[in-house]
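Undergrad: Quick one: this structure, given as structure tokens, is what I'll be asking you about.
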Amino acid sequence: GVKIMKRGQITTFAIVGIVIVAAVILVMYLRGQFFFGPVTPENLGTKLDAVGEHIKTCIEETAPDFIKRIGLQGGHLSTPEGTFRMRNDVPISYLCYNIPDEKTCLNRMLLRSEMEEELASAIDTGLNSCINLNQFGRGYEISSGRRKTTVSIGEFNVIVEVNLPVTLRKGDVDVKEDMFTATFDYPLGKLYETSQDVINVEAEFGEFDQLGYMLDKRGQIIIEKDRPYPDKIYVLKAKNNDYVFQFFVEGEPN
């Protein structure tokens, strides 16, 4: 006749079933975390892609604050005593210094390369607390070389390149990558060029005609000028972009 399962047997079957399902889920999870199956460059390459994504995300999280700050502070991240004036809690650099008894000023000579170096150094330090390669490397070896960060300021974008040699190895198979890049759409280079146009005129003639300049640029550049005694502040923007580059021209108290 018909076999009737006892209650205890059903419970045992249910438990066995649950254990099998749990084991399958665990294996799926571990496959993501560790390394199983045949070792091929493609398999390791997938793991390396994840490392690359992590590094790129760190660049994208770290760089914007510094790129925005260097614009707000007039092209300098470090602001030594006597080189800036505070406004709205921001230390805004003097890019042209007062010459006593002259209406012209002394150009401080801000260089694009100086901004690139300051940004690279600040971003690289910021990456220390974000990049963590220890979270990778389960089931395979991961090794990395020395990191070097470089910044290139274009007219309408800023490119951050992190050179960090990363190698993944399992057995005698290895894959390598060493360059991780992120691009930010800030018109820092264009506004820097504009600032130099302003300062060159201020240093030679002592007054800059921002309305004539804006007309000449057909509205692509917006320049606001204010005169918080005894100085002048210039606030520069590109059309349809919130990015700000601002700086002071030092004036002479009466």
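The values are calculated or read from the model by the stated rules, or taken from the named source; none is laboratory data. Since the structure is predicted, the reported quantities are computational estimates derived from the model, not experimental observations. Ideal geometry is used to build each Cβ from the backbone, glycine not excepted, and the neighbour counts take in all protein chains shown. When the accessible area is computed, the model is the full protein with side chains, heavy atoms only, and any ligands, DNA or RNA have been set aside. Shrake-Rupley method; radii C 1.70, N 1.55, O 1.52, S 1.80 Å.
Undergrad: How would region 145-186 be classified by its alpha-carbon gyration tensor: rounded, prolate or oblate, with rounded meaning a/c under 1.5 and the a/b versus b/c comparison settling the rest?
TA: In terms of gyration-tensor shape, prolate.
Undergrad: Given the DSSP H assignment, sum -39500 (n - 2.57) over each helix run of at least 4 residues in the chain and divide by its residue total; what's the result at 222 nm in deg cm²/dmol, nearest 500?
TA: Here the helix-only value at 222 nm equals -13500 deg cm²/dmol.
Undergrad: Based on the Cα atoms of the chain, what semi-axes does the equivalent ellipsoid have, where each is the square root of 5 times one gyration tensor eigenvalue, given in whole Å with the largest first?
TA: Those come to 60, 20, 15 Å.
Undergrad: Starting from one equal scatterer on each C-alpha and no solvent at all, send me the Debye-based log10 I(q)/I(0) for region 46-114 at q = 0.14, 0.17, 0.22, 0.24 Å⁻¹, two decimals.
TA: Evaluating at q = 0.14, 0.17, 0.22, 0.24 Å⁻¹ gives log10 I(q)/I(0) of -0.59, -0.74, -0.97, -1.06.
Undergrad: I've got another one for you. For a quick check of understanding: with a 1.4 angstrom probe and all protein chains in place, what accessible area in square angstrom does Thr149 have, to the nearest ten?
TA: About 10 Å², ignoring ligands and nucleic acids.
Undergrad: If the viscosity is 1.306 mPa s and the temperature 10 °C, what Stokes-Einstein diffusion coefficient in µm²/s follows for region 29-164 when Rh is the Kirkwood radius over Cα pairs?
TA: 88 µm²/s
Undergrad: Accessible area, 1.4 Å probe, largest first: how do Ile131, Ile233 sort?
TA: Ile131, Ile233
Undergrad: Averaged per residue, what accessible surface does region 51-203 expose to a 1.4 Å probe, in Å²?
TA: So region 51-203 comes to 49 Å² accessible per residue, rounded to a whole number.
Undergrad: Turning to a different aspect of this structure: Expressed as a whole number of Å, what is the distance separating the alpha-carbon centroids of region 193-254 and region 102-146?
TA: A separation of 29 Å, based on Cα centres.
Undergrad: How much of the accessible area of region 54-200, probe 1.4 Å, is carbon plus sulfur, in whole percent?
TA: Whole-percent figure for carbon plus sulfur exposure: 45.
Undergrad: Work through the residues other than Asn98 whose Cβ is under 13 Å from its Cβ and net out their charges, Lys, Arg +1 and Asp, Glu -1. If you can, show how the numbers build up before the last one.
TA: Working: positive: Arg85, Lys103, Arg108, Lys232; negative: Asp101, Glu102, Glu202, Asp231, Glu250, Glu252.
Once all neighbours under 13 Å are counted, the net charge is -2.
Undergrad: Can you work out the FRET efficiency for the pair Asn200 and Met179, with r the C-beta to C-beta distance and R0 = 35 Å, to the nearest 0.05?
TA: 0.45
Undergrad: Can you send over the solvent-accessible area of Phe184, 1.4 Å probe, protein chains only, in Å² to the nearest 10?
TA: The value for Phe184 is about 20 Å².
Undergrad: Now, a different point. Rounded, prolate or oblate: pick one for region 96-189, where a ≥ b ≥ c are the square roots of the eigenvalues of its C-alpha gyration tensor, a/c under 1.5 means rounded, and failing that, prolate if a/b is larger than b/c, else oblate.
TA: prolate
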